[in-house]
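Every number in this text was worked out from the coordinates using simple rules, so none of it is lab data. Quick caveat: nothing in here was measured; it's all calculated off a predicted structure. Using ideal geometry, Cβ is built from the backbone for each residue, glycine included, and neighbour counts are taken over all protein chains shown.
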Amino acid sequence: MKKVLSIYFIAMIFVCNNSIAQISGTVFRDFNANGIKENITDFDENGMAGVTVIAYSSSGAIVGTTTSSATGSWSLPAVTSFPVRVEFSGYPTDTYSGPNGTSNTSSVQFISATSTSVNFGLQVGECYMSTLNPQVATTLFRSGDPILNATAGSRNAVPIFNFNNGSITSFTSALASDVNWWGSVGTAPTPTVGALASQVGSCWGIAHHKGTRNIITSSFLRRHVGLGPNGLGAIYKVPDNGSSTAS
């Protein structure tokens, strides 16, 4: 009798464990963008609260829904059959899905069995920039000798513009006048003059020094495009405020 009861008890445990099968995980801020949730002594990728988590069956029916807690953790204990599709949503508009890694795949994940590691990594824009419409700078090759030719030298060689600006509608016709070609043809505002061609000449490669707020670019040998005042091998420093005082 005792043997029968023991077998019955074990069977009941097996049935109960399967009936409360669950999926769970953590929504976290992937600060270093490696797709791995890291929590060590001097580096803690904290969780993100308020993210909606919904599980769908293979037929498309909702089988569970919840939101992440203050620590980013979430759980759906009512999920009893697999596979399921788990979708994460409701995070702020300036927050983006982080890179794939061992702790993150995407905002839509397909789960084939009970799991406690259905994680989702997010990156918050404000951690990397102070605005959602940051300034962008690039270099332009201006035909002619910028030192001897006043017209060539007066052209914008390092335009600065906002990321969300529109684009021109006709590149060819815009270049024909080469006066204010960003704004005169399309709807994009005219970029700020970072540096004139007479100040930097032909340049290629660009970087930004946040501490001094300078754009760094280097001279580059290009056919039909003259070099700047410091010749080949020069590295120019251009203030990012559009003051046109390259050095």
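Can you tell me how segment 48-142 classifies by the Cα gyration tensor, rounded, prolate or oblate, using a/c under 1.5 as the rounded cut?
Values: a/c = 2.96, a/b = 2.29, b/c = 1.29.
Because a/c hits 1.5 or more and a/b exceeds b/c, segment 48-142 counts as prolate.
Report the label-to-label distance for T71 and K210 in nanometres (one decimal), using points 7 Å from each Cα along the Cα→Cβ vector.
Each label point lies 7 Å from its Cα, and together they span 3.1 nm.
Would you kindly state how much longer the chain becomes between L221 and I62 on full extension, computed as 0.36 nm times their sequence separation minus their alpha carbon distance, in nm to one decimal?
Values: separation 159, 0.36 × 159 = 57.24 nm, distance 6.13 nm.
In short, 51.1 nm is gained.
Summing Lys, Arg as +1 and Asp, Glu as -1, what charge do residues with Cβ under 14 Å from the Cβ of S107 carry, S107 excluded? Walk me through the numbers before you get to the answer.
Values: positive: R85; negative: D30, E87.
Residues near S107 contribute -1 overall.
Just grab the label-to-label distance for F141 and S107, each label 7 Å out from Cα along the Cβ direction, in nm (one decimal).
Roughly 4.0 nm, to one decimal.
For I36, what is the net charge nearby, where nearby means another residue's Cβ is under 11 Å from its Cβ and Lys, Arg count +1, Asp, Glu -1? Before the final figure, lay out each step's value.
Numbers: positive: K37; negative: D30, E38, E45.
Net charge around I36: -2.
Measure off 7 Å from each Cα along the Cα-to-Cβ vector at T114 and T131, then give the distance between these two points in nanometres to one decimal.
5.3
Applying 1/(1 + (r/R0)^6) with R0 = 30 Å to the Cβ-Cβ distance of A33 and N241, what FRET efficiency is obtained, to the nearest 0.05?
On the way: r = 29 Å, r/R0 = 0.96.
According to the calculation, E is roughly 0.55.
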